[in-house]
Amino acid sequence: MTTETSSLAGPSSWTTHRHGPAAGRTTALGRVFGPVLLGTSGLLVAGEHFYRHQELTAAAWLVEHLLGLRTMLLAGPNAPVLYAGTEAGLHRGIALTAGCSSAMLMAPFALLTGLLLLFSTRRPVRLLRAFAVAAAILVATNLGRLTLIVAMQHHLGEAGFSWAHVLLGSVLMMAAALAAFLLYLRIVARKPAHDGEEPEQ
Amino acid sequence: MTLLDTSISLSFVLGVSFLAYVAVIVRNYLRARPRPAGDPTGFDWHFFIPCRDEEAVIGATLDHLDRYFPQATVWVVDDHSTDGTAELVRARERAGWPVNLVSRRLPEARTGKGDALNAAYQAMNADPWSGTDPERVIVCVLDADGRPSPNMFEVCAGDAYFGDPRIGAVQVEVRMSNRDVTTPLPARGRIANRCARLLARLQDLEFRGPISAMQITRRRTGTVNVGGNGQLTRLAALDSIGLDDGRPWGRALLEDFELGLRLMLAGWRNGYTTDAWVDQEALWNLRQLLTQRVRWAQGSMQCARYMRSIWGSREFTTLGFLEVLYFMAQPWLQLVGLVAYLVPILAFSYNAATYPRFTLDFLQHGGAPLLLIYLLIGVGEFALWGPLYRRRCEPGIPLRAALGYGLALALYAAATYVVAVRAFWRILRRKDSWHKTARTAPPPHVDPIDLIDLGDPLGPVDLAHLADRSAAAGRGSY
């Protein structure tokens, strides 16, 4: 190999391209979805109260259809509250606070994916897929967690509610977030087939 | 959304992302296998050893190199030493050893390790031999107390390393030469010696455990970086980033990390191996260690300016970009994490004090096991390195000791939060000059007790003070 003398010279001759920083490699898909994902991240944070209401509405639907319980959703000033029970009466309400919502877990994924889409990359579809999978895991698990809490409250009373909310739900969300992270990385890291990115060592 | 809500969410995200990172690097660490060695005779090998007052160790290092690497040429950069460093080198030069002394004198000297290495690079290029094909010339940067393993050239000449023409640099594993010293501080009591021994062992564990695992993972992301000791670079790679101005090494506090980034930006790949290693001295003093780590953290923060270049570079894969981003964000994330972790803990403590019955009810209904799980994970993700270290590096140590080292590593890692805060504070105050880390080994003719007593008082405050004086006099230091 001929030794290059410019400050950015190197063995790029193997890869048959010459370029410097800011080579403008962002794909069209990246230019569209990068800002969209960054905006989504911002919306998830700024509009998390609205998101929580929608999330609890979805949970109420699941409780009605999976558990066959009657539900009532109230839009509290700080958090939406879900009441569930039978015709005989409703149990204590479950308030969905910001810390219990999947919004704040999805926001970092949206931020990261938006950045990566703008960063480049010749694999935007893969990044979007990774985000979709991670987001789906987080949303589905949190809905499952909320349903589980209602179910345990209904069957086991206050103790069931406490254990499901404090322990089971937390562990479940931790496992889900871990799985989402690892799957996200796995999808992004998968060896390229035909997107032109350099093969990894 | 309240501060508490934000902190809970942030701490959860930071905690889980770190756990995922640990899971990934442990997996790759356990899967790493030795790679075939190569023929070192196809390369010309050179050592660069920057020295400033290194008479305590440089003689023994040169003897080691002469014994195990007689084919190599050594370039010792004397950065205006005031002790007998230069004389020790000259004596060997006169005796016909392949050793060259590159002298730097004030006011040009003591401007940083990068400058010292650049001086060696310029001296080597000015040498008549320099007509050799730079593709076949390898430069190894060594600390004055560095002891490379005898197989280093064979390993690095292998097809996975310099046998592959795309590889620009290879970092070998770093080990602590004094990890088995039983009485590191002879003048001190048992507890001081136990603490010093533990500190040395933890540094060995850290370099051969988590740091090694990170580097092994970077082989997959294409973002292996190089350190300041046991750093081998192809001359053609150095030329590609430094031939114009004769300065391949930059002036960042982490000049080694900066070099690695610049090589990657220039299209070179870097390798990492645990098949060869370099032994260096561990620090026996916690204050010195913290000072060293603050410098590293500050250096890492300084390298944030490269993110823009990395952002636009085609030489980084998506995953590689992600890895570099995560690594360079670490000190900043620790600052954020400090707040994010502390707020929920403080809120819980406040509630426990103000509403004890409510807190007790919470603990009795799942709170206690949940906190236990958090504690187990928080400690476990560090403690697991003890048994892993025993399994892969030091099978001779008892399992109980390995578990103890792992637990101690969790405390050791907690110190990084202090480090991040101090590094950030220094950046805010625009302080970026440092005194070099003091050696723990005594010079051959000096009573070791006296030397250690002299070295110990150099804590962060004193070092910063010295650095300030040095900077005021127009001289940086490393």
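Readers should treat all values here as calculations from the given coordinates under stated rules, not as data from a laboratory. Since the model is a prediction, treat every value here as computed from it, not as a measurement. All Cβ positions, even for glycine, are placed from backbone atoms using ideal geometry, and neighbour counts span all protein chains on display.
Quick notes on this structure:
- Rounded, prolate or oblate (a/c below 1.5 giving rounded, otherwise prolate when a/b exceeds b/c) for the stretch B:203-295 by Cα gyration tensor: oblate
- Extension gain, B:L407 to B:R35: 0.36 nm times the residue separation minus the Cα-Cα distance gives 130.7 nm.
- For the protein assembly as shown, Kirkwood radius (reciprocal of mean inverse C-alpha pair distance, Å): 27.5 Å
- Difference of contour (0.36 nm per residue) and Cα-Cα distance, B:I427 to B:A414: 2.6 nm
- Enclosed volume per residue, in Å³, of the convex hull spanned by Cα atoms of the stretch B:1-468: 169 Å³
- Cβ-defined net charge surrounding A:A159, 15 Å radius [Lys, Arg +1; Asp, Glu -1]: -1
- If you wrap the Cα atoms of the stretch B:301-409 in a convex hull and average its projected area over all directions, you get 11.0 nm².
- Residue-count net charge about A:T147 - beta-carbon cut-off 14 Å; Lys, Arg +1, Asp, Glu -1: -1
- When both bridge partners sit in the stretch B:1-468, DSSP labels roughly 25% of those beta bridges antiparallel.
- Fewest neighbouring Cβ atoms within 10 Å first, the residues B:T354, B:T291 line up as B:T354, B:T291.
- Two-site label geometry, B:A126 and B:A329: point separation in nm, points 7 Å out along Cα→Cβ: 4.6 nm
- Difference of contour (0.36 nm per residue) and Cα-Cα distance, B:R105 to B:V336: 78.9 nm
- Over the protein assembly as shown: helical MRE at 222 nm, DSSP H runs n ≥ 4 each giving -39500 (n - 2.57), nearest 500: -18000 deg cm²/dmol
- Diffusion constant of the stretch A:105-144 at 20 °C, which comes from Stokes-Einstein with the Kirkwood Cα-pair radius and 1.002 mPa s, µm²/s: 205 µm²/s
- Long-range HN-HN contacts of B:V74 with modeled amide H, under 5 Å: B:F47, B:V99, B:N100
- When B:F162, B:F362 are arranged by Cβ crowding within 10 Å, least crowded first, meaning fewest neighbours, the order is B:F362, B:F162.
- When the Cα positions of A:G144, B:S177, B:Y68 are compared along the charge dipole of the protein assembly as shown, A:G144 comes out farthest toward the positive end, with charges on each C-beta of Lys, Arg, Asp and Glu.
- Per residue Cα convex hull volume in Å³ - calculated over the stretch B:362-421: 96 Å³
- Note on B:C195, B:C393: ascending count of other Cβ atoms within 10 Å places them as B:C195, B:C393, the fewest first.
- Computed over neighbours whose Cβ is under 11 Å from that of B:G42, the net charge equals -3, Lys and Arg +1, Asp and Glu -1.
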